[in-house]
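What follows is a short report on a single structure.
The values are calculated or read from the model by the stated rules, or taken from the named source; none is laboratory data. Note that the structure is a prediction, hence the values are computed from the model and not measured. A quick note on method: Cβ atoms are made from the backbone with ideal geometry, for glycine too, and the neighbour counts reach across all protein chains shown.
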Ligand code: HEM
């Protein structure tokens with residue numbers, strides 16, 4: 001019965017050929033370090049799912065942001081768990097993506113023909129850091145407020161465009177409702193959209209070029 005349904009779908013959607021191209025690929029001799037890309041991918045999905053669940057209760061306004069987080073932690077069923085996973089998942093993601101990048105560096109996977117995979121990866125790392133930076137403000141507690149004050153003040157020190165960039169980030173000279181709205185919008189729309197687009201290219205290149213082998217001594 002199941003195989004009849006599967007064959008019916010396969011004839012129309014070409015499921016077997018998608019499987020053959022995406023998953024059934026030859027790989028060279030690898031080790032555990034080669035799983036870090038998939039671990040990063042898992043964390044992207046985990047952060048996406050838990051983040052979407054959090055938006056059901058979080059209110060991005062200075063008057064209610066802090067209380068809405070307290071509500072999630074104390075009143076919502078499993079809210080503490082979902083927030084906990086999202087909170088710790090963000091730190092883990094930064095570490096895993098960074099170590100994934102180190103594996104590319106030390107095993108020279110950035111060389112021909114994978115330069116573009118590396119370049120899209122660099123932007124993925126920057127976006128991951130940006131997600132962490134924008135998410136940090138959202139609880140709107142003292143730590144979030146002052147960390148973002150310091151973070152955006154650092155931007156201010158960039159020659160020529162620094163003050164402009166800082167005001168663009170803050171939506172004015174100081175942190176306000178506008179800052180929270182901007183960070184929220186960047187955290188749930190702008191950066192995730194950029195991440196998904198770049199990840200599509202990154203994974204397309206991984207599938208197209210295959211996984212590189214561990215370089216031998218004479219290479
Ligand atoms: C959200 C972040 C990222 C995700 C989800 C991701 C995902 C993946 C996956 C699933 C693979 C294939 C499996 C593997 O080789 O581990 C891969 C390969 C690769 N990634 Fe990433 N990646 C990310 C960030 C980065 C970064 C920051 C860099 C470097 C700056 C990078 C550079 C590469 C390269 C060069 C390959 C090809 C490896 C090879 O052919 O041996 N990636 N990535």
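Could you tell me whether residue 117 is near the ligand (Cβ under 8 Å from one of its atoms), closer than 20 Å to residue 199 by Cα and either without any contact (Cβ under 8 Å) to a residue 40 or more places away in the chain or buried (at least 16 other Cβ atoms within 10 Å of the Cβ) (or both)?
yes
When the range 109-145 is examined, which residues are found to be farther than 28 Å from residue 201 by Cβ and assigned to a helix (DSSP H, G or I)?
The answer is 137, 142, 143, 144, 145.
Conditions tested, residue by residue: (1) under 30 Å from residue 214 (Cα atoms); (2) at pLDDT 95 or above; (3) buried (at least 17 other Cβ atoms within 10 Å of the Cβ); (4) within 16 Å of the ligand (Cβ to nearest atom).
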position	(1), (2), (3), (4)
58	no, yes, yes, no
84	no, yes, no, no
97	yes, yes, yes, yes
133	no, yes, yes, yes
141	no, yes, no, no
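Taking the criterion of being over 22 Å from the mean Cα position of the chain (by Cα) and within 17 Å of residue 137 (Cβ to Cβ), would at least one residue in the range 45-61 satisfy it?
Within the range 45-61 (the criterion being over 22 Å from the mean Cα position of the chain (by Cα) and within 17 Å of residue 137 (Cβ to Cβ)), the answer is yes, since at least one residue qualifies.
Search the range 3-23 for residues that are in contact (Cβ under 8 Å) with a residue 40 or more places away in the chain and pair each with any residue that is in a helix (DSSP H, G or I) when their beta-carbon atoms are under 7 Å apart and the residues are at least 6 apart or on different chains.
21/207; 22/207
Only one of (1) closer than 21 Å to residue 136 by Cβ; (2) more than 16 Å from the ligand (Cβ to nearest atom); (3) under 25 Å from the mean Cα position of the chain (by Cα); (4) free of Cβ contacts under 8 Å to residues at least 12 places away in the same chain fails for residue 67. Which number is that?
Going through (1) closer than 21 Å to residue 136 by Cβ; (2) more than 16 Å from the ligand (Cβ to nearest atom); (3) under 25 Å from the mean Cα position of the chain (by Cα); (4) free of Cβ contacts under 8 Å to residues at least 12 places away in the same chain one by one, residue 67 breaks only (3).
In this structure, is residue 89 surrounded by 15 or more Cβ atoms within 10 Å (Cβ to Cβ) and without any contact (Cβ under 8 Å) to a residue 60 or more places away in the chain?
Yes, satisfied.
Among the numbered criteria (1) within 16 Å of the ligand (Cβ to nearest atom); (2) touching a helix residue (DSSP H, G or I) at 6+ places or on another chain (Cβ under 8 Å), which one does residue 193 miss?
Checking residue 193 against (1) within 16 Å of the ligand (Cβ to nearest atom); (2) touching a helix residue (DSSP H, G or I) at 6+ places or on another chain (Cβ under 8 Å), the one that fails is (2).
Report every pair of residues separated by at least 6 positions or lying on different chains whose Cβ atoms are under 7 Å apart, first residue within the range 146-158 and assigned to a loop (DSSP other than H, G, I, E, B), second surrounded by 15 or more Cβ atoms within 10 Å (Cβ to Cβ).
Every condition considered, no pair remains.
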